[in-house]
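J.: The structure is given below, and queries will be raised subsequently.
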Amino acid sequence: MRKVFIEAMLVIIGLAISIPYIINPGPILMFLFVFVAQPCIAVAVMLVLWEVYKDLTKSNLL
Amino acid sequence: METILDILAVVILIVEVILLYKLRQNRFQEKLTGGVRAMVLVAIILFPVLAVMLGNYHVFVTTKESTACQSCHVMAPMANDMMFDTKSQTLAARHYQNGWIAEHECYSCHADYGFQGTMKAKLDGYRHLMRYVTKTYEEPIRYRGEFNSMNCYGCHEGSRTFEAVEEHQPVVENLKSDDASISCLNCHGRAHPEPSRRTPGHEDYKWLSNPKNKEISVKDANEVKEYISNLAVSKK
């Protein structure tokens with residue numbers, strides 16, 4: 001489970017910015033959403049997909 | 001729509017807290033079970049991606065609203081002149097206060113700017129956001145480049161009042177040519193308050209930045225007193 005620790009942290013940072021921005025949009029939250037939250041969530045998703053890909057190739061499913 | 005977004009955001013938050021807490025409980029497992037894998041899929045891929053999509057709704061749709069432009073301090077003089085100065089003769093104020101534009105008043109004229117439109121427009125939008133947040137701008141702000149008068153033509157094309165003015169025909173031909181040299185503003189006046197009025201220190205700047213700061217003139221003060229005394233009499 002340590003495998004998704006970094007991903008979970010990135011998602012927490014991303015959502016900590018995204019949720020307030022969705023509820024109360026403003027210029028500063030928009031800046032944080034565009035330049036911090038989106039990249040954090042994108043990296044987290046890519047890391048998880050990379051883990052899934054590695055698992056599948058390891059078990060000869062891909 | 002805003003309420004639906006708010007509700008979805010709260011649902012995402014609650015589900016994420018529960019799922020991440022459950023994932024933490026399973027952190028010492030060597031082999032991930034199917035249930036845990038499903039939780040990872042939902043908590044780290046599906047719901048965060050949904051949150052990004054909801055956020056991007058605001059980035060691309062809500063930013064078209066004039067109140068979104070007004071929320072930046074640096075745009076306040078333009079927006080407040082347009083919305084609240086009933087004596088203003090700027091094009092923006094006349095269009096807004098007479099209801100000539102049904103919605104998205106700022107975006108209707110500045111259709112080639114912001115997070116929509118061309119790549120250059122998007123980059124301009126991101127550059128302005130960056131400069132606003134890092135406070136690397138100076139007031140009064142100035143428009144880089146030239147306003148595209150074809151944005152006016154987009155609405156006025158074909159309207160009876162516009163077509164009735166003969167002088168508009170050569171202007172339209174000029175605007176449609178590759179090297180347009182005429183701007184609608186040449187004849188129809190300023191779109192926004194002069195840069196001098198938007199400069200900190202100018203007597204108009206204080207209330208253009210925040211209409212609540214507008215001082216009540218002696219005449220207005222007498223009207224307010226009369227209104228209050230009438231109100232008090234009528235309540236008796």
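The values are calculated or read from the model by the stated rules, or taken from the named source; none is laboratory data. In this text, all values refer to a predicted model and were calculated from it rather than measured experimentally. Cβ sites come from the backbone with ideal geometry, for glycine too, and all protein chains shown count toward neighbours. Heavy atoms of the whole protein, side chains included, go into the accessibility calculation; ligands, DNA and RNA do not. Shrake-Rupley method; radii C 1.70, N 1.55, O 1.52, S 1.80 Å.
J.: State which helices in chain B qualify, where a helix is a whole DSSP H run, it must extend 30 Å or more along its own axis by its Cα atoms, and its mean Kyte-Doolittle hydropathy must be at least 1.0. Working shown, then result.
T.: Values: long enough: B:2-25 (35 Å, 1.65).
Helix filter hits for chain B: B:2-25.
J.: Taking loop as defined by DSSP and a crowding limit of 13 other beta carbons within 10 Å, which GluC sites (Glu not before Pro) in the stretch B:19-115 fit?
T.: Working: sites: B:30, B:65, B:103, B:105; in loops: B:30, B:65, B:103.
Within the stretch B:19-115, the qualifying GluC sites (Glu not before Pro) (loop, at most 13 other Cβ atoms within 10 Å) are B:30, B:103.
J.: Further, regarding this structure: Using label points projected 7 Å from each Cα along Cα→Cβ, tell me how many nm separate residue B:70 and residue B:146, to one decimal.
T.: A separation of 3.2 nm, rounded to one decimal place.
J.: Using the structure shown, list the pairs from B:64/B:176; B:64/B:122; B:64/B:87; A:54/B:31; B:87/B:135; A:58/B:22 with a Cα-Cα distance above 24 Å, or answer none.
T.: Working: B:64/B:176 26 Å; B:64/B:122 13 Å; B:64/B:87 26 Å; A:54/B:31 15 Å; B:87/B:135 31 Å; A:58/B:22 26 Å.
Pairs exceeding the cut-off: B:64/B:176; B:64/B:87; B:87/B:135; A:58/B:22.
J.: How well do other chains shield peptide B:60-69, expressed as the mean number of their Cβ atoms within 10 Å of each residue Cβ?
T.: Numbers: counts 0, 0, 2, 3, 0, 1, 0, 0, 4, 1.
Mean partner shielding for this stretch: 1.
J.: With a probe of 1.4 Å, find how much accessible area the stretch A:2-58 has per residue, and write the answer as a whole number in Å².
T.: Working: 2960 Å² over 57 residues.
Accessible surface, normalised per residue, equals 52 Å².
J.: For the protein assembly as shown, taking Cα atoms only, what is the radius of gyration to one decimal and the Dmax to the nearest whole Å?
T.: Cα-based Rg and Dmax for the protein assembly as shown come out at 26.4, 89 Å.
J.: For chain B, the longest stretch holding no chymotrypsin sites (Phe, Trp or Tyr not before Pro) located in a DSSP loop with at most 16 other Cβ atoms within 10 Å is which?
T.: Values: sites that count: B:28, B:100, B:137, B:143, B:147.
Answer from the scan: B:148-236.
J.: What is the average number of partner chain Cβ atoms found within 10 Å of a Cβ in A:29-37? Can you show the working numbers first?
T.: Values: counts 3, 12, 6, 1, 6, 8, 4, 0, 4.
Going residue by residue through A:29-37 and averaging, the value is 5.
J.: For a quick check of your reading of the filter: which trypsin sites (Lys or Arg not before Pro) in the stretch B:77-150 sit in a DSSP loop and have no more than 11 other Cβ atoms within 10 Å? Provide the component values of the computation, followed by the final result.
T.: On the way: sites: B:87, B:94, B:120, B:122, B:127, B:131, B:135, B:142, B:144; in loops: B:87, B:135, B:142, B:144.
Hits after loop and neighbour filter: B:87, B:135, B:142, B:144.
J.: A follow-up question, please. Enter the mean number of other protein chain beta carbons within 10 Å of the beta carbon of each residue in B:98-109, as an integer. Write down the numbers at each step before the final one.
T.: Numbers: counts 0, 0, 0, 0, 0, 0, 0, 0, 0, 0, 0, 0.
Partner-chain Cβ atoms within 10 Å, mean over residues of B:98-109: 0.
J.: Show which aspartates and glutamates lie in cross-link reach of residue B:225 when reach means a straight Cα distance below 17 angstrom and same-chain residues fewer than eight apart are skipped.
T.: Output for residue B:225: B:215.
J.: Could I ask something else about it? Among all the aspartates and glutamates, which ones have a C-alpha under 18 Å from residue B:120's C-alpha, if same-chain residues fewer than 8 places away are not counted?
T.: Partners found: B:112, B:146.
J.: With a Förster radius of 25 Å, plug the Cβ-Cβ distance of residue B:7 and residue B:102 into 1/(1 + (r/R0)^6) and report the FRET value to the nearest 0.05.
T.: On the way: r = 28 Å, r/R0 = 1.11.
Taking R0 as 25 Å, the efficiency between residue B:7 and residue B:102 is 0.35.
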